[in-house]
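Participant: First, the structure itself, so that you have it in front of you.
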2 protein chains.
Amino acid sequence: MDDVAHAAGVSRGTVSRALNGGRNVSGAAQAAIDKAVRQTGYVVNPHARSLATQRAMSVAFVLSEPQDRLFEDPNFHLLLHGCTQALADNDVTVLLTLAGTSEERKRVSRFVTAGHADGVLLVSTHRGDPIVDELLAQDVPVVVCGRPLGHERDVSYVAADDRDGARQMVTYLRSQGYRRIGVVTGPPDTPGGVDRLAGYRDVLGDVPESLVVSGDYTQASGEAALHRLLAQASDVDAVFVASDLMAAGALAALRRTGRRVPEDVAVAGFDDSRIAAACHPPLTTIRQPWARISTEMARLLLRLVEGDENAAVILPTELVIRESA
Amino acid sequence: MDDVAHAAGVSRGTVSRALNGGRNVSGAAQAAIDKAVRQTGYVVNPHARSLATQRAMSVAFVLSEPQDRLFEDPNFHLLLHGCTQALADNDVTVLLTLAGTSEERKRVSRFVTAGHADGVLLVSTHRGDPIVDELLAQDVPVVVCGRPLGHERDVSYVAADDRDGARQMVTYLRSQGYRRIGVVTGPPDTPGGVDRLAGYRDVLGDVPESLVVSGDYTQASGEAALHRLLAQASDVDAVFVASDLMAAGALAALRRTGRRVPEDVAVAGFDDSRIAAACHPPLTTIRQPWARISTEMARLLLRLVEGDENAAVILPTELVIRESA
DNA sequence: CTGAAAGCGCTTACAG
DNA sequence: CTGAAAGCGCTTACAG
């Protein structure tokens, strides 16, 4: 930086100002400095800057899932890239971190509290995940992706309106004339598990328990769930499945039992993930606004780091009609 | 740190020494400092430390794959976790970074050259990936996972002995009495694509071109490749497939054409990835030593950062016999 | 608009 | 074995 100041014929202070937005810098000085930077190939030392500003200029994107299951989810990539992009615009780097084991969680906590990151973008789907409490206890700015069950009041989050999405879908199924509509829910300790079932009930009211089965978001669980459903309620004419991956399993189960989709049983998914359009038949589903979710998460986290209060953002979902229902 | 020094009744210099290995620190001082650290809840500021030591104490784990395909590969997780673990033992943090687009590559380069990371662990499978040159041009310490085609002499790497693995497998197939052994190769611009084919040829010599087909490591490509192979050489009695995922596709193709495995056609894979044992029938395959690969990558990178010369490490593979061949 | 100076929190020869 | 001091490379009131 001294070299740059020398080459530009100004002081280091002026160079620093020019580099940081250029407030209170004359056009001539700015130009000379820009040129000097180019000539010397200067690049700021982030550690020195962080030491002076008390800001790491980076945030941790923490994936708190024991099985790394989300890694295989195309939606996860959308989210990660979206956040990276949105934060890059503010010159903050996203550091991806896996925190599946309690040891890894410790490492993440230390990492952030030591000052390596200014905040955390957290993907954690299960109620009672200890990392939420750990981070909160340390006063780390954090924004969660999806409704953080049990922590709605004390942590910021961005979520799609799962409940309304489910409502839209079930309402649509009814409008198509389906009358015995079953549901395959997600795990009851995840927001997608409870909210999508709630939306289904909002529309259908008290349904017989035989119409409700649940899975764990995997394709295999969707297939198994559908076999159970058919055994309990052989006359279902439609089924709302709480994720596209499970819906793919459901399609397989129906095919195996010789039922046509949608003629014999209609199938509706949730997510509009990459596989939705590739299914046979292509899935009618609910699109989650991943791009907006990621930009909102980034925005919220930046605000929190600046000292703003917590906030929750709920984003609308959209019905996507294809051929399965 | 001043607080700690105060509480322990020593100088900051002594505290620093105690924190960094305790050389030249008396037992009494060490004890007092340990206690003070605990009482005050002190944790070092990594930026200040890095500024003073000129070391980031972190390395970037860069995934240079346009499609993020490796994310879905269970082997990738083994590798990532292995490196993280090995480096954590040396107090260095692993920063996972995606560099699929040229814009993201730029970001990674800047990130590292700015001093955020001391080096990079690079997963890049395709010949001619520009990131290798970019990193090398900046004199960044880097160790590549797998043989870096065209860069064997100027960059460090750790790889499984693909060629020998292929040799072992084909030799085994011969010993089982198979005589018309086809091969499904990987893409010719990847080390797995060229080396596994080379190993196959080492054992079989000049084979008719009709016995050689290729895929792109996806399951669908393996299925398609096998259909081509059967069309060209309907009398094959065994096929060596260059990855387990493609082998799964091959099994599907054989099933579809009514051939039994291994009675009609034997199938051998490569990788021993998670799906190998789950296939029907379970795959005979070649195990890659992922745990050792990751520890060797970590070790090599640490050495490079210390100023050591480049080095290549080739690790042996192991034949795993199951039921498909 | 600009420069001199203090400060961010650590490490590490150096002298003792 | 220990302390005083310089230095790592930046930012930012402050005075002009």
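Participant: Write out, first by first residue and then by second, each pair whose Cβ atoms fall under 7 Å of each other, whose residues are 6+ apart or on separate chains, and whose first residue, in region A:35-62, is at positive phi while the second is within 13 Å of DNA strand C (Cβ to nearest atom) and assigned to a helix (DSSP H, G or I).
Facilitator: So the pair list comes out as A:Met57/A:Pro46; A:Met57/A:Ser50.
Participant: Name the single residue that is least open to solvent (accessible area, probe 1.4 Å) among those in region B:3-46 being among the charged types (D, E, K, R), in contact with a helix residue (DSSP H, G or I) (Cβ under 9 Å, 6 or more places away or on another chain) and more than 7 Å from DNA strand C (Cβ to nearest atom).
Facilitator: Once the filter is applied, the top-ranked residue is B:Asp34.
Participant: Here's a follow-up. Among the listed residues A:Asp91, A:Asp133, identify the single one that is open to solvent by 20 Å² or more (accessible area, probe 1.4 Å) and within 14 Å of another protein chain (Cβ to nearest Cβ). Spell out the reasoning first.
Facilitator: Numbers: A:Asp133 fails: within 14 Å of another protein chain (Cβ to nearest Cβ).
Of the residues listed, the single one that is open to solvent by 20 Å² or more (accessible area, probe 1.4 Å) and within 14 Å of another protein chain (Cβ to nearest Cβ) is A:Asp91.
Participant: Here is a follow-up. Looking at B:Arg49, B:Arg153, B:Arg147, can you tell me which residue is of a type in the set (Lys, Arg), open to solvent by 40 Å² or more (accessible area, probe 1.4 Å) and within 11 Å of chain A (Cβ to nearest Cβ)? First the steps, then the outcome.
Facilitator: On the way: B:Arg153 fails: within 11 Å of chain A (Cβ to nearest Cβ); B:Arg147 fails: within 11 Å of chain A (Cβ to nearest Cβ).
From the options B:Arg49, B:Arg153, B:Arg147, the qualifying one is B:Arg49.
Participant: Then there's this: Of all the helices (runs of 4 or more DSSP H) wholly in region B:3-64, which have at least 1 residues that are more than 37 Å from the chain's Cα centre (by Cα) and within 12 Å of DNA strand D (Cβ to nearest atom)?
Facilitator: Correct list: B:12-19, B:27-40.
Participant: Filter region A:287-304 down to residues that are buried (at least 23 other Cβ atoms within 10 Å of the Cβ) and over 14 Å from A:Gly146 (Cβ atoms) and give me whichever is nearest to the chain's Cα centre (by Cα).
Facilitator: Among residues in region A:287-304 that are buried (at least 23 other Cβ atoms within 10 Å of the Cβ) and over 14 Å from A:Gly146 (Cβ atoms), the one nearest to the chain's Cα centre (by Cα) is A:Ala298.
Participant: Any residue in region A:6-30 that is without any contact (Cβ under 8 Å) to a residue 40 or more places away in the chain sitting within a Cβ distance under 8 Å of a residue that is part of a loop (DSSP other than H, G, I, E, B) and more than 6 Å from DNA strand C (Cβ to nearest atom)? List the pairs, counting only those 6 or more apart or interchain.
Facilitator: Short answer, once both residue conditions are applied: A:Arg12/A:Met1; A:Val15/A:Met1; A:Ser16/A:Met1; A:Arg17/A:Arg23; A:Leu19/A:Val44; A:Gln30/A:Gly22.
Participant: Keeping to region A:165-221, report how many residues are over 16 Å from A:Val236 (Cα atoms) and in contact with a Lys or Arg (Cβ under 6 Å, 6 or more places away or on another chain).
Facilitator: Total satisfying the criteria: 8.
Participant: Follow-up question, since we're still on this one. Can you tell me which residue among B:Tyr200, B:Tyr217 is within 17 Å of B:Val170 (Cα to Cα), touching a residue at least 40 places away in the same chain (Cβ under 8 Å) and under 25 Å from the mean Cα position of the chain (by Cα)?
Facilitator: Values: B:Tyr217 fails: within 17 Å of B:Val170 (Cα to Cα).
The unique qualifying residue is B:Tyr200.
Participant: What residue, among those in region A:103-130 that are away from chain B (no Cβ under 14 Å) and small (Gly, Ala, Ser), is surrounded by the most Cβ atoms within 10 Å (Cβ to Cβ)?
Facilitator: A:Ser124
Participant: Would you say A:Thr284 is at negative phi and over 14 Å from the mean Cα position of the chain (by Cα)?
Facilitator: Values: at negative phi: yes; over 14 Å from the mean Cα position of the chain (by Cα): yes.
Spelling it out, A:Thr284 is indeed at negative phi and over 14 Å from the mean Cα position of the chain (by Cα).
The values are calculated or read from the model by the stated rules, or taken from the named source; none is laboratory data. Worth saying up front: this structure is predicted, and the values here are computed from it rather than measured. A quick note on method: Cβ atoms are made from the backbone with ideal geometry, for glycine too, and the neighbour counts reach across all protein chains shown. Accessible surface areas use protein heavy atoms only, side chains included; no ligands, DNA or RNA. Shrake-Rupley method; radii C 1.70, N 1.55, O 1.52, S 1.80 Å.
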